[in-house]
Structures are given as structure tokens and as C-alpha cells.
1. Sort the protein assembly as shown into rounded, prolate or oblate with this rule: let a ≥ b ≥ c be the square roots of the eigenvalues of the Cα gyration tensor; rounded if a/c is under 1.5, and if a/c is not under 1.5, prolate when a/b is larger than b/c, oblate otherwise.
2. Can you grab the distance from the C-alpha centre of region A:248-264 to the C-alpha centre of region B:232-265, Å, no decimals?
3. Averaging sequence separations of C-alpha pairs under 8 Å and six or more residues apart, then dividing by the length of region B:43-241, give the relative contact order as a whole percent.
4. When a footprinting reagent is the concern and you count Cβ atoms within 10 Å, what order do B:C357, B:C331 take, fewest first?
5. I need B:S282, B:S249 ordered by Cβ neighbour count within 10 Å, fewest first.
6. Taking the Cα centroid of region A:313-364 and of region A:159-206, what is the distance between the two, rounded to the nearest whole Å?
7. Number of Lys pairs in region B:155-304 with C-alpha atoms less than 20 angstrom apart, excluding same-chain neighbours closer than eight positions?
8. Using the charge dipole of region B:43-241 (Lys, Arg: +1 at Cβ; Asp, Glu: -1 at Cβ; taken about the Cα centre), state which of B:L199, B:Q154, B:I115 has its Cα farthest towards the positive end.
2 protein chains.
Amino acid sequence: MPEENQLLEAFKQTQYQLAGHGRRNVQVLKDAFAAIDGQEASDIYGKGEIIEDFEAQMAAYLGKEDAVFFPSGTMAQQIALRIWCDRKGLRKVAYHPLCHLEIHEEDGLKVLHQIEPLLLAEKDRLIDLDDVRNIREELSCLLLELPQREIGGQLPDYQTLEDISKHCRERGIKLHLDGARLFEVLPYYRRSAAEICQLFDSVYVSFYKGIGGIAGAILAGDSDFIKEAVVWKRRHGGDLISLYPYIISARHYFGDRIGKMQKYYEEAKELAVRFQQCYAVSTLPEVPVSNMFHVQIEFPKGVVEDVLAAIYLDTDIGFTGNLREVSDTRCSFEVSLGDAYERIPGDRLDKAFEMLCAKLLALV
Amino acid sequence: MPEENQLLEAFKQTQYQLAGHGRRNVQVLKDAFAAIDGQEASDIYGKGEIIEDFEAQMAAYLGKEDAVFFPSGTMAQQIALRIWCDRKGLRKVAYHPLCHLEIHEEDGLKVLHQIEPLLLAEKDRLIDLDDVRNIREELSCLLLELPQREIGGQLPDYQTLEDISKHCRERGIKLHLDGARLFEVLPYYRRSAAEICQLFDSVYVSFYKGIGGIAGAILAGDSDFIKEAVVWKRRHGGDLISLYPYIISARHYFGDRIGKMQKYYEEAKELAVRFQQCYAVSTLPEVPVSNMFHVQIEFPKGVVEDVLAAIYLDTDIGFTGNLREVSDTRCSFEVSLGDAYERIPGDRLDKAFEMLCAKLLALV
């Protein structure tokens, strides 16, 4: 078994990677700024053309009245939920047990905002209409994440979304969209972002996942909501004097990649099939509904690390830097397709999958 | 009287400015990144050489065990006070009535952290030892701002700092330094940052004031304190996947300008004398103790706007973009010296001050 991080080190040495847009290095910023006139004025505390124009562009794209740029989605989403809770005078929301706010934010929502979440559905499945219908408590807001990242990027069908939205409106529950990967699911739904967002009262989108920017997020909603969000942004320490390093990169890569989401989605489906052809390998979901899926392998993590490290060394293709141990006999990893995939020479990729299938079969 | 913002518009047209380092435009970022290798790896959620090396550099410079980079001082300082309050189990702190947390943060400290501040001293003077001695309540933390920006950047003498520090330690009150402009006061105290910081339990410094970076802050203290601060940084939404646009610019301009603080200080004293030579003009403090001071003019704001706009047009030198109305017959503005001052041709500057003195005298 390789030492801790040996897989990551082997992964970092590879020339090609299955997932992502390429290395997260300073060139990402340099490329975004190459064509920018140095005389362009900085944004200053939320004011100025750079930030206001991008907020307007995103509000229009998402079909909302207004939008505000945030340094992070963590900040944007806590604030969205807080505003809806304050409106109703009730600090109670609902979301999936594997919601980002529940598992990745050190309980900021609870500690900073004293908001109590109700966990809807089991960890390994999506929230459905019955889950929402069966809520007996009063709630200020329900958060839905599209796609549900931690379970492979699964999606409810559009009818379910419409039904949940209708139900929430009838019951006076605000519906918030964690759209960290919203751009990536538009090809599956065959809908515009604005069509989907009209089902929600507030929407957060991210610029460093499918878009591949440096960091940053947009929160969109009606004008009154956004006015309140701007005040909370200052309270959280997010109203930086200048956010343009993130805004200009977000704008640049949004322009580059928003039109490629269909391609990433098709490639994800193609790649999932390649994985499924190997013994003991499956994907979640079986047929991807976005650019992402989880690869599940029915062997112990340490054994699979050896297999992958050998493939990386031989083919110069990295599948992942981190395997997650699901159980003693099972591990998994996430794949999110981006620009990196098309750079892999076809014969190398064929060889990598031949090696994977052969090596896993040899383990039996 | 010029219309609202006419002074600001005239100011923006000027080629030279008294204060600052030059225009806040995208070139600030481009210059900082010009010599950076694009292959340098991004920081990822607080890890990586770019962020860890700079944190270590700043911890050493400030004489503290550890440091963490924050996107903003607003976030860093609320968190520092929260940690000290949690340690004592008492959400009560003290600071100056014109403290940044009191007047510029939409009450984030109170609303997000339920911390109650005691306001020490009157608005128009510094906190002194007696103010601290006379506190009858239990407190978790006292915040001192060096220099006290909103009253012209005034400073207590070093003995007073030592006495306050000693008193707080005896009483079990943590002492936090709002060092947004700490670098700028080192020449006056003739002490290293580390010497001053050893009087304090925690320290925040900023990189876009005297240093002239894009944004960002460092919070420094002992290792346990910083470990807690890192958790709170995530809760606040400040643990961005990548902060390197701010870190690299902070590092770049720190290197450029930390050695120029003495020069800015000397120039501030020189410039203050020039202002004082005009009728009805005074400075606060009379003799600057850092790179900054306030210019106070005993005429109505609208009248002075006309005077300044005429000077800008004639000399191409901008004094300020914003006058603050102190009363019906008095206005003021802030000057913070930086690299811009040395670029002004001497004869033009002479002419600007001749015009200022003549025009104000003509108003009598």
C-alpha cells in the first residue's frame, strides 16, 4: 500500500488528467487578465463598472431582478438563508443531510446565525416531493442543491422541481437554489438557467467549478433581497475594497466555458461507460446527468491506490489524487469533466482503461 | 456650489494626487504578477506554499507564533474578539467610539457574534490609561487602533501603550491591536512591529492602506488562537479556495513599500506645514505621527469644493475627492501619504498651495 499522499504525489506528476480544466496555478489568473487594460478602474466596496456590470449580466442570465458578487458561496448561502429566516421570524430551514452548509462550513449557519436545519431525505438519495410534503414543522426556507454533489451529482427530474416549488409557494416556504454546479446541469434539463431559477426565490452560483475561475460566487434574487444581502455581506467581512481579481476571472472563464457544458456532459457520459466496462467498477449515477459522477470500485482503498499509481506512471494520465474509503472493501472518487479531458491523446486513454480493467481483474 | 460628486469628478481628472500610491486600477494587480511564474501552484483552502510562506513571514515580522491570511480585516477582527470572548465566556469588549467595528461594519460584531462593546473615551480623543483603569465591568478584550484613523491618525505615546498593556494583563483582559495602519506608525515609535505587538495578544494588519495591495489582512497571535481563527474563517465564508490574488499582491507591495514608511511620515509632516500656512486651515494632528492627517478648513463645504475644483483644473493636482462636512462653517478631508506625492512636480505643488492660500484669503 502506498504511503499517505503517495497517490496524490503520483497524480501531480501526470501530464494529463481526466477531470477539471488543468492545473490550478497562477497562469489561470494571468490568462484571465492578459487582455484587460491596466487602466480599468478597480471596483471599490461593491461599486464600479467591473462589479456592477457583472452583477447585472448574471442577474439577467439567471432571470432575477438583481445580483451581488460574493467572495464565497459559503458566505452567500448562509446570508440567503438568514434573510429568509428574518423575513418569517423563524430560524428554521431544511436541506439535504450532505448539504455544503451541513458538512463543509464548520457549522457557520448554526453558530453565526443560530439557524436550525431540518435534514431532509436519507444521505444516499435525493430529496423528493414526498419529503417536502411530509414536513410537519414550520420552515422559513428549503435549500435544494442541483446537482447533489456528494451523491455523484444526481438530479431530480424537472417535474419534481416544479412540484416542490409549487408546494413551497403554497406553504409560504422560500426555496433557495444551491447552484454551485447549476451551469453544468442545463444540458440535462434542456432549459435555460432563468427557466430553472424562476422556480426558486434565491439562487447561488459558483465560478470556480464548471467555469474554472479562481473563486467567487453570485447570489441573485429580487431587489429587496439583494439589498439586504449587501448589508450582510459587509457584516460577514465579504465587502472587500476590491473583488476584481475574482470578478474578471469569473467573467473571462464564464465567457470561455458556458458554451461547453453540453460537451462536458456528453464526455462525462462517455467516460462513465468506459469505467463501467471494468470489473468491479460502477458509476453514480449510472448515466451522468451533468459533467460529474462518482467512480465506485469494489476493492480496498489501498489496493486501488496501487493500481492507479501504476497507471499514472505508465500512461501519464491522472484519474484522481484522492480516493475516498467507503468501506473496507470499497472506495470511490469524483470526476468532474472540463477542458482537461480533450487534451488526453486517445491511444493513451485507451491504454489507461485497458490497464485499469486488467489490473482489477488480476486482483480477483 | 458644485453639484454632488463634481469635486470627485474633478479629482479623477487630475494627473497628480497628494495622497495614496496612484490610481486603484487593474495595473496594480498586473504589476504584482508580472514577475510571478504562471506555473506557481495556487493555494487551496488555506494550504500551499503561497499562503503558508506569507503567513510565516508575517508571523515572524509581527513577532507572533502564528498568523492567518484573511480576505478582510472586518472578518479578522470580529473573529479575534469572538475568540477572546469565548475563552472568557463573556461577550463583552471595549473599544473607541470611532472604532471600525462600531461605525463601518453594519454591526456585524453585535449581530453575528452577539458581542456587546463598551465605548471608551470621547469621540474626539484617544483612549488613555485612566479610561482603561476606570472600567468597572468585566471585559474579555480591549481593542486599540494604532493610529486612530477617524481622528486624524493620532497615537498614544509608547509609555501609555505599555501601561495599558500591563494593566490589561493584570486584570485578565486580552489586548487586541487594530493595526490597519501599524506599518505606518513604526517610524514615529522608532520600534519594530514585533516590539509593539508583544504588548498585544492578537494583531490585525492590512495590506491595502500604506502597503497599497489589492485587499487582504493578516491576523497574528499564538498558535492556539490562530487555530481557532482558521475555523472561524471558514464559518464566515472567508476560507476561499484561492486567496493568492491578494496574497501575491500583498507580498509584492509589502516588499516595495515597507521600507518607505519613514519617507511617507516625513512627507506627511512637511505637507501638514504647507497646509497650516494657509488662512483658516489646520491639521489634525498638528504634527502628524504617521503618513496620515486630517486637513480642517474653516469654511463651508460647498465653498471649499469650488476652491479645490479650481485648483485641480489649474494645476492638475488633486487634493481629495471627498470633503466631509464637519459643521455649517467647517469641512475636512483625510490625507494619507504614499508613492503619489513624490511624483508631483515641485513648482506645480507650490502653485497649488499659493492658489489655496490666496483663494481662501479672498473669501474673508
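Each value in this text was obtained by applying a stated rule to the coordinates, not by laboratory testing. Everything numeric in this text was worked out from a predicted model, so none of it was measured. Counting neighbours? That spans all protein chains shown, and the Cβs are built from the backbone with ideal geometry, glycine included.
1. Judged from the Cα gyration tensor, the protein assembly as shown comes out prolate (a/c at least 1.5, a/b above b/c).
2. 29 Å
3. Value for region B:43-241: 31 percent.
4. Exposure proxy ranking, most exposed first: B:C357, B:C331.
5. B:S282, B:S249
6. Result: 33 Å between the Cα centres.
7. Close lysine pairs under the 20 Å cut-off: 6.
8. Checked the options; the winner is B:I115.
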